[in-house]
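Down below is the structure, laid out as structure tokens.
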Amino acid sequence: MGISVEYRLLKNFDDPAISPEAWNLLLNGGPSDVVFLTWQYQKAWWEVFGSGELLLVTVEVKGKLTLIAPLFAASGMVYFVGSGCSDYLDFIGNTEDEGLLEGLMVFAAQHVKGFLGFQLFHMPEGSRSENSINIAADRQGWELIEESSWACPRLELTEHPEKALEAVRKKSLRRHEAYFERTGDLKIEHLATGEQILPHLDAFFDQHIER
């Protein structure tokens, strides 16, 4: 008797079949927890930049949410939600099971009129999805092309604390800090929760737009 696997196409990000909490729990429990894959970011991106047809697919194994594909289709091509102005994008959940990911991609393709292929932008090097995508492409007879890649520098704070200190002690940064100290009282607060941050967002966005 085979394992029960259900592929489901959701109506939108507010579909009752999945909650923001369930989405983010799967994200944080998997190989990636980047902000660009959270339910909140994905929903906001789609509402502002979305075009074409939303293709939001979930996979449940034995009734348990196992995989999410935040995709959309335009002119026969399938893309990640967030393509074009996000740093990292990927499938969410158990992407190492090539059978599940292949089934998901085939399911998504079947729901695209005039399907031409997938263009999966912004996948990070070392993504656990890569091997499963390669296997799916081989089995389905899809031509796999790596169009381009970009270097993305990062700093491991725990491994190189001295480099982190150098970065925040740059003269350009200290000059701005000194200006505020000369012209008034300078107070630094670290806000970590949505409740703390929300009252300051309007002023932050106004400053950003004005700049």
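Taking strands (runs of 3 or more DSSP E) that fall entirely within the range 19-114, which contain at least 2 residues that are touching a strand residue (DSSP E or B) at 6+ places or on another chain (Cβ under 6 Å) and among the charged types (D, E, K, R)?
Numbers: elements: 53-61, 64-74, 77-80.
Counting at least 2 such residues, we get 53-61.
Residue by residue, here is whether (1) more than 30 Å from Thr95 (Cα to Cα); (2) of a type in the set (Phe, Trp, Tyr); (3) more than 22 Å from the chain's Cα centre (by Cα) holds:
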{"site": "Pro124", "(1), (2), (3)": "no, no, no"}
{"site": "Ser132", "(1), (2), (3)": "no, no, no"}
{"site": "Ser149", "(1), (2), (3)": "no, no, no"}
{"site": "Arg169", "(1), (2), (3)": "yes, no, yes"}
{"site": "Tyr179", "(1), (2), (3)": "yes, yes, yes"}
{"site": "Arg182", "(1), (2), (3)": "yes, no, yes"}
{"site": "His208", "(1), (2), (3)": "yes, no, yes"}
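Pairs please, first residue from the range 111-139 and on the phi > 0 side of the Ramachandran plot and touching a residue at least 24 places away in the same chain (Cβ under 8 Å), second anywhere and polar (S, T, N, Q) and not in a helix (DSSP H, G or I), Cβ atoms under 9 Å, 6+ apart in sequence or on different chains.
What qualifies is Gly114/Ser75; His122/Ser83; His122/Ser86.
For a quick check of your reading of the model, give me the residue pairs whose first member lies in the range 49-60 and is on the phi > 0 side of the Ramachandran plot, whose second is small (Gly, Ala, Ser) and surrounded by 16 or more Cβ atoms within 10 Å (Cβ to Cβ), with beta-carbon atoms closer than 8 Å and at least 6 apart or on different chains.
Taking only residues 6 or more apart or on different chains, the pairs are Gly52/Ala73.
When you scan the range 15-27, do you find a residue that is under 19 Å from His122 (Cα atoms), modelled with pLDDT under 95 and out of contact with any Pro (no Cβ under 9 Å at 6 or more places or on another chain), even just one?
Within the range 15-27 (the criterion being under 19 Å from His122 (Cα atoms), modelled with pLDDT under 95 and out of contact with any Pro (no Cβ under 9 Å at 6 or more places or on another chain)), the answer is yes, since at least one residue qualifies.
The values are calculated or read from the model by the stated rules, or taken from the named source; none is laboratory data. Predicted, not measured: the structure shown is a model, and the values here were computed from it. FYI the Cβ positions are ideal-geometry reconstructions off the backbone, even for glycines, and counts take in every protein chain you see.
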